[in-house]
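Okay, so here's the structure we're looking at.
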Amino acid sequence: MNRLLLGVMLLLIGCGPSSKKNETTEAGRLDPTFKLPYQLTAPDENFTMPKKLEEISGLTYYKDDQLLCVQDEEAVVYVYDTKKKDVVKDFGFGGYGDFEGIEYVNGEIYVLESNGNLFRFKPESTQIGRTKTDLPKKTEVEGLGYDPKTKRLLIAVKNGGPSSDKTVYSFDLLNKAVFKDMSLNDDQLNGAGIDPKTYKPSGIAVHPITGEWYILTSAGKRLIITNRQAKIIYSEPLDPKQFRQPEGICFAPNGDLFIASEGDGKKGYILKFNYKK
């Protein structure tokens, strides 16, 4: 009888969760100490875009009270003034393409095409550089950011094959080399309450004060925050009525957050959220 009882106990122990499974689940949990310094349900300002930015697809901080914006298919950078609430300048950089991200770094503008190509130029310059990043075939990207710590551009994959799905690549501005910087797996996403099928980044930005990565998804209407170790520390669904088609994200140096949404048949717009320490 004692031997039988002992055998049952050993069997139950053997059917318990493995340590490997526990580690995977732990990797996807949110950081309970993290507090989002923004109230995403209550923007502090709302900027309505003119018709030429109805399909705004990317934005970046430019200078005091000014943002740089691009939209799908048109190789034009628009300077939007948040005080005047209007476009005050624009300049072209080529013909047509599928432009999905923009970043202003050290006096130069970088614009990302959905195929991974990068355009580089100074504001209003006629000298336009173009770099092929040679990402894996069938990789579609839709998010461009900049990490000042590594001095690399961040390129977020929207759709990719087995080798590039759910990946953030980085482009070293000095060596002109591409690196696979971060990958999230389905276990991490599920553990954070995110359906992996809806994880299709449309924007990425690095917080200027904390260094955390803010990833925007348009398909899943969600903001995801990770640390540099590729751990999800926060996730929040976005109200589809407030964020019709979120495509662009950037920060001001003081931490204020800007999120751009395409018009989806209406006017595009940018929402501003003040940084609350």
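Does the stretch 222-241 include one or more residues that are surrounded by fewer than 16 Cβ atoms within 10 Å (Cβ to Cβ), without any contact (Cβ under 8 Å) to a residue 12 or more places away in the chain and either part of a strand (DSSP E or B) or among the small types (Gly, Ala, Ser) (or both)?
No, because not a single residue in the stretch 222-241 is surrounded by fewer than 16 Cβ atoms within 10 Å (Cβ to Cβ), without any contact (Cβ under 8 Å) to a residue 12 or more places away in the chain and either part of a strand (DSSP E or B) or among the small types (Gly, Ala, Ser) (or both).
Can you name the number of the only condition in (1) in a strand (DSSP E or B); (2) farther than 20 Å from residue 218 by Cβ; (3) modelled with pLDDT of 95 or more that residue 69 fails?
(2)
Counting only residues that are touching a Pro at 6+ places or on another chain (Cβ under 7 Å) and more than 15 Å from residue 53 (Cα to Cα), which one in the stretch 245-266 is surrounded by the fewest Cβ atoms within 10 Å (Cβ to Cβ)?
So, considering only residues that are touching a Pro at 6+ places or on another chain (Cβ under 7 Å) and more than 15 Å from residue 53 (Cα to Cα), the one surrounded by the fewest Cβ atoms within 10 Å (Cβ to Cβ) is 253.
Out of (1) out of contact with any Leu (no Cβ under 9 Å at 6 or more places or on another chain); (2) farther than 26 Å from residue 117 by Cβ; (3) in a strand (DSSP E or B), the odd one out for residue 179 is which?
Every condition holds for residue 179 apart from (2).
Check every one of the strands (runs of 3 or more DSSP E) wholly within the stretch 85-134 and list those with 2 or more residues that are touching a Cys at 6+ places or on another chain (Cβ under 6 Å). Please lay out each step first, then the result.
Numbers: elements: 86-97, 99-105, 108-113, 118-121, 129-131.
Filter on the stretch 85-134 gives an empty set.
For residue 191, all conditions in the list (1) farther than 18 Å from residue 260 by Cα; (2) modelled with pLDDT of 90 or more hold save one; what is the number of the exception?
Only one criterion is unmet by residue 191, namely (2).
Looking at the stretch 232-254, which of its residues are small (Gly, Ala, Ser) and touching a Ser or Thr at 6+ places or on another chain (Cβ under 8 Å)?
248 - this is the single residue of the stretch 232-254 that is small (Gly, Ala, Ser) and touching a Ser or Thr at 6+ places or on another chain (Cβ under 8 Å).
So in the stretch 147-183, with the set limited to residues that are surrounded by 18 or more Cβ atoms within 10 Å (Cβ to Cβ) and among the aromatic types (Phe, Trp, Tyr), which one is farthest from residue 220 (Cα to Cα)?
Filtering the stretch 147-183 for residues that are surrounded by 18 or more Cβ atoms within 10 Å (Cβ to Cβ) and among the aromatic types (Phe, Trp, Tyr), the one farthest from residue 220 (Cα to Cα) comes out as 171.
Within the stretch 36-60, how many residues are part of a strand (DSSP E or B) and within 22 Å of residue 142 (Cβ to Cβ)? So that I can check it myself, show each step before the final result.
We begin by selecting, within the stretch 36-60, every residue part of a strand (DSSP E or B); these are 45-48, 56-60.
Next, from what is left, pick out any that are within 22 Å of residue 142 (Cβ to Cβ): 47, 56-60.
So the count comes out to 6.
The values are calculated or read from the model by the stated rules, or taken from the named source; none is laboratory data. Only a predicted model underlies this, so the values are computations on that prediction, with no experimental measurement involved. With ideal geometry, Cβ positions are generated from the backbone for all residues, glycine too; neighbour counts draw on all protein chains shown.
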